[in-house]
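Values in this text are rule-based calculations from the coordinates and carry no lab data. Model, not experiment: these values are computed from the prediction. Glycine also receives a Cβ, built like all others from the backbone with ideal geometry; neighbour counts cover every protein chain displayed.
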Amino acid sequence: MPKGLPTRKGGIARRVELYSSAYQLAWQQIPPDKKRAQPDISLRIHASIRLELKNGADDPYGIASAALKDILAP
């Protein structure tokens with residue numbers, strides 16, 4: 001087994017955990033009427049969270065906050 005593999009697997013698991021936590025936090029903060037008015041809002045949350053993770057963010061609350069700012073900003 002290559003040396004870097006266990007670390008890489010651990011990194012992927014951590015990113016999945018961060019993504020899941022951030023998505024749930026963001027989704028819970030969006031009002032139901034906003035969810036109905038913008039059917040693509042889940043995709044926008046997804047894209048924003050992925051961008052934050054790609055940029056190295058590691059706090060689920062910060063990631064969710066950034067996603068909400070992107071989505072709910074006028």
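Say each of Ile12 and Ser65 gets a label point 7 Å from the Cα, pointing the same way as Cα to Cβ; how far apart are those two points in nm? Here the answer is 3.1 nm between the modelled labels.
Structural descriptor for the chain: relative contact order 38 percent, calculated from alpha carbon pairs under 8 angstrom and at least 6 residues apart. Among Ile49, Ile12, Ile41, the residue with the largest mean-square fluctuation in a Gaussian network model of the chain, with springs joining Cα atoms closer than 10 Å, is Ile12. Multiplying the residue separation of Gln29 and Arg50 by 0.36 nm and removing their Cα-Cα distance gives an extension gain of 5.7 nm. Using alpha carbons only, the radius of gyration of the chain set against its Kirkwood radius gives Rg/Rh = 1.10.
With the helix formula -39500 (n - 2.57) applied to DSSP H stretches of n ≥ 4, the chain reaches a computed 222 nm mean residue ellipticity of -25500 deg cm²/dmol. For the range 31-74, a Kirkwood radius taken over Cα pairs fed into Stokes-Einstein (25 °C, viscosity 0.890 mPa s) yields D = 228 µm²/s.
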